[in-house]
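Single-structure report; data block below.
The values are calculated or read from the model by the stated rules, or taken from the named source; none is laboratory data. In this text the structure is predicted, and so the values were computed from the model without any measurement. Cβ sites come from the backbone with ideal geometry, for glycine too, and all protein chains shown count toward neighbours.
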């Protein structure tokens with residue numbers, strides 16, 4: 001049953017906002033039961049999806065809580081005259097924690113009449129952030145990507161890979177009409193440098209060209225403490241593993257210890273001479 005709803009809830013957001021990744025960009029889907037996906041949010045225990053026929057969400061045809069990635073049968077939820085669908089998602093967590101609603105994403109139903117050919121652009125988006133010059137490197141647990149808008153684009157494709165050839169991208173997703181997306185806890189923890197690129201999507205035309213591959217570096221998540229030096233046998237070995245400052249402190253301590261032993265040995269020698277005389 002369709003319901004009415006305000007565009008935003010009044011509760012303050014305490015979680016980051018997810019970003020819809022599928023289905024998006026006004027592109028037609030090939031099934032009446034599409035799987036809805038979005039960028040995962042740390043500390044979210046579940047998500048809430050809303051489906052409407054307009055971006056204003058005055059009348060909501062589907063409003064349910066779900067775990068990540070939900071296949072929704074659209075036929076019983078939508079009126080017969082709806083051909084373009086809008087949807088949004090928000091993250092929800094423990095003790096009432098929640099995010100803002102995402103920006104609306106949209107797609108066309110399989111039964112929709114073919115859209116007229118739209119003007120497309122052969123220009124690639126210009127990546128803005130992150131870049132190789134980023135100092136300090138971006139936090140690995142939350143990497144924001146931003147790029148310049150391409151006129152006429154209804155969405156964008158984003159890839160991240162360990163090399164600039166992109167033969168095996170570790171991130172390959174689409175987003176709706178936005179020029180930014182933040183990926184939380186998505187990059188592999190054993191990597192410190194990556195490449196990313198972005199291209200425009202159009203409702204019925206082929207995707208546009210990829211941007212140039214942009215290298216960037218990441219730092220371990222803020223607050224993560226890493227062992228400074230492995231355990232070694234003996235104070236000298238430990239100092240060698242721990243670094244210059246620790247080596248200096250250890251060398252000084254050893255020097256004081258040796259000096260004390262020399263003094264004690266001298267005193268013992270004098271005492272033996274006195275006792276022998």
If a residue has to be outside any loop (DSSP other than H, G, I, E, B), under 17 Å from residue 45 (Cα atoms) and in contact (Cβ under 8 Å) with a residue 12 or more places away in the chain to count, how many in region 89-106 make the cut?
-> 7
Extreme residue, surrounded by the most Cβ atoms within 10 Å (Cβ to Cβ), among residues of region 13-38 that are within 15 Å of residue 98 (Cα to Cα) and within 17 Å of the chain's Cα centre (by Cα) = 18
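Residue-wise test of (1) assigned by TED's automatic domain parsing to the domain that holds residue 180; (2) closer than 18 Å to residue 26 by Cβ; (3) surrounded by 14 or more Cβ atoms within 10 Å (Cβ to Cβ); (4) within 27 Å of the chain's Cα centre (by Cα).
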residue: 44; (1), (2), (3), (4): no, no, yes, yes
residue: 47; (1), (2), (3), (4): no, no, yes, yes
residue: 52; (1), (2), (3), (4): no, yes, yes, no
residue: 57; (1), (2), (3), (4): no, yes, yes, no
residue: 78; (1), (2), (3), (4): no, yes, yes, no
residue: 89; (1), (2), (3), (4): no, yes, yes, yes
residue: 94; (1), (2), (3), (4): no, no, no, yes
residue: 98; (1), (2), (3), (4): no, no, yes, yes
residue: 120; (1), (2), (3), (4): no, yes, yes, no
Sort out for me the strands (runs of 3 or more DSSP E) sitting completely within region 167-217 that have 1 or more residues that are surrounded by fewer than 16 Cβ atoms within 10 Å (Cβ to Cβ) and without any contact (Cβ under 8 Å) to a residue 12 or more places away in the chain.
-> none
Single match in 112, 105 (criterion: touching a strand residue (DSSP E or B) at 6+ places or on another chain (Cβ under 9 Å), within 23 Å of residue 51 (Cβ to Cβ) and surrounded by fewer than 17 Cβ atoms within 10 Å (Cβ to Cβ)) = 112
Test result for residue 152, surrounded by fewer than 18 Cβ atoms within 10 Å (Cβ to Cβ) and either out of contact with any helix residue (DSSP H, G or I) (no Cβ under 9 Å at 6 or more places or on another chain) or part of a loop (DSSP other than H, G, I, E, B) (or both) = yes
Could you figure out which of (1) in a strand (DSSP E or B); (2) farther than 28 Å from residue 153 by Cα isn't true of residue 76?
-> (1)
Quickly run through region 138-149 and pick out the residues that are crowded, with 21+ Cβ neighbours inside 10 Å and modelled with pLDDT of 95 or more.
-> 143, 145, 147
